[in-house]
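One structure below.
Each reported figure results from applying straightforward, stated rules to the coordinates on display, with no laboratory input. This one's a predicted model, so the numbers in the text were calculated from it and none came from an experiment. Methodologically, a virtual Cβ is constructed for each residue, glycine included, from the backbone with ideal geometry; neighbour enumeration extends over all protein chains shown.
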Amino acid sequence: MTDGLNRRSFLTASAAAGLSPLAIGAMPRKPAGAGSPVIVASGNGFRYLDEAMEKLRQGTDPLDAAIELVAHVEADPNDRSVGYGGIPNEDGVVELDSAVMHGPTHGAGAVASIRDIMHPAAVARLVMQRTKHVLLVGEGAKRFALAHGFKEENLLTDEAREVWLRNKERQGTYWVPAPDDKVAAHIKQEADNLTTGTIHCSALDTHGDLGCVTTTSGWGMKIPGRVGDSPILGAGLYLDNAVGSCGSTGLGEINLLNCSCYLIIDEMRRGKHVKDALVASLKHIAEVTSRNPRYRGEDGKPNYGVTFYAVSKDGQYAGANMVGGARMAVHDGKEAKMVDCVPIFE
Ligand code: ASP
């Protein structure tokens, strides 16, 4: 492909092909309003904040801007906690969870345990738009995505498979490593300390409208069919267009047990500042959850990690996490930055 025209048409065609899953269901742009936009996200969204902010300024719907931001991470083979390249379940299959909420219509859609589809957040948006349901799971969710033109893709990268295999082998049952164990050091390290990640993004546009999304491959080595908090409204995300938007990463079971994001938005609805709402809700979650010894360390403190990201209707934002330090990605309309979350326990 030497001549400029061919190269141009190739680039145009591949851009169109690459963008098509995100174009399916994208909403019309509005003229930009006079308000000040804000985006909050988990740290893995930082690199894409400027682009998403520019879209908000151009009148892109806040949910679309959030979905397009997280799509970068869904397609990133090096992020082992979201979409393509995510650590698979214990059978070696990548299963994804995602949900979206749209402030202006109080609409929502979600998919859980979906396989072979790289952009579950965009599928969740279509569940919102093109079904009378809110949540589709497993094979049904995949068939729905294929019906709308999403492509079936193998989401298991070689590196994620190596992490899975190595983790299986270190469990000491019947699988054993090769005698010349040549697995790269970073793969060994990941297999020994399986971490998770997920991405959440909440966006407030220039009209004061909110949109949010959470998308994940969930816990590596999970039991096939396990669904976390990310696709569950009120647990891994929630918004009320008159109040604010909130999302979470971390041990999803905690949020399933506590409807955590609903709780936080409800505290904000009752008049609490976003930071105070986060602190009050996390203290409540810590207290009720400590009744279960599974979630309590020997020192009596929570033994799990969970982090929340929230923005209010009037553009105030904050993050909080249960134990230790965490940071969140924020674009406040002026600049993209990493901000410390408030730790509830040191
Ligand atoms: N919350 C996700 C889940 O439980 C995982 C994570 O955020 O690390 O599936």
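Placing one equal scatterer on every Cα of the stretch 30-158 and applying the Debye formula, the log10 ratio I(q)/I(0) at q = 0.13 Å⁻¹ is -0.55. Pairs of Lys residues in the stretch 268-346, spaced 8 or more positions apart or belonging to different chains, with C-alpha separations under 21 angstrom: 9 in total. Our coupling estimate for the stretch 159-169, obtained by passing each phi through the Karplus curve with A = 6.51, B = -1.76, C = 1.60 and θ = phi - 60°, is 5, 5, 5, 5, 4, 4, 5, 4, 5, 4, 5 Hz, Gly and Pro reported as x.
The ranking of THR105, THR60, THR249 from fewest to most other beta carbons within 10 Å of each one's beta carbon is THR105, THR60, THR249. Taking amide H as placed 1.01 Å from N in the peptide plane, the amide H of GLY333 sits under 5 Å from that of ILE39, each at least 5 places away or on another chain. Placing +1 on each Lys and Arg Cβ and -1 on each Asp and Glu Cβ, with no other charges, gives the chain a dipole about its Cα centre of roughly 600 debye.
Taking a sphere under 15 Å around the Cβ of THR173 and counting the other residues whose Cβ falls inside, with K and R at +1 and D and E at -1, yields a net charge of 0.
Expressed as a fraction of 2.2 N^0.38 Å, the rule-of-thumb size for a compact globular protein of N residues, what is the C-alpha radius of gyration of the stretch 23-105? Show your work: numbers first, answer last.
Details: Rg = 14.7 Å, N = 83, 2.2 N^0.38 = 11.8 Å.
Scaled against compact globular proteins, the figure is 1.24.
What number, in percent, do you get for the relative contact order of the chain if the mean sequence gap of Cα pairs under 8 Å and at least 6 apart is divided by its residue count? Let's see the in-between values first.
On the way: 842 pairs, mean separation 69.9, N = 346.
Computed over the chain, the figure is 20 percent.
How many percent of all Cα-Cα pairs in the chain sit more than 36 Å apart? Numbers along the way, then the final one.
Working: 11387 of 59685 pairs.
Within the chain, distances greater than 36 Å cover 19 percent of Cα pairs.
Summing Cβ point charges (Lys, Arg +1; Asp, Glu -1) relative to the Cα centre of the stretch 241-313 gives a dipole of roughly 180 debye. Mean residue ellipticity at 222 nm, helices only, the chain: -10500 deg cm²/dmol; runs of at least 4 DSSP H residues each add -39,500 (n - 2.57), and the sum is divided by the number of residues.
Sparse packing (at most 15 other Cβ atoms within 10 Å of the Cβ) combined with a DSSP loop state is found for the following trypsin sites (Lys or Arg not before Pro) in the stretch 123-205: LYS132, LYS151, LYS182.
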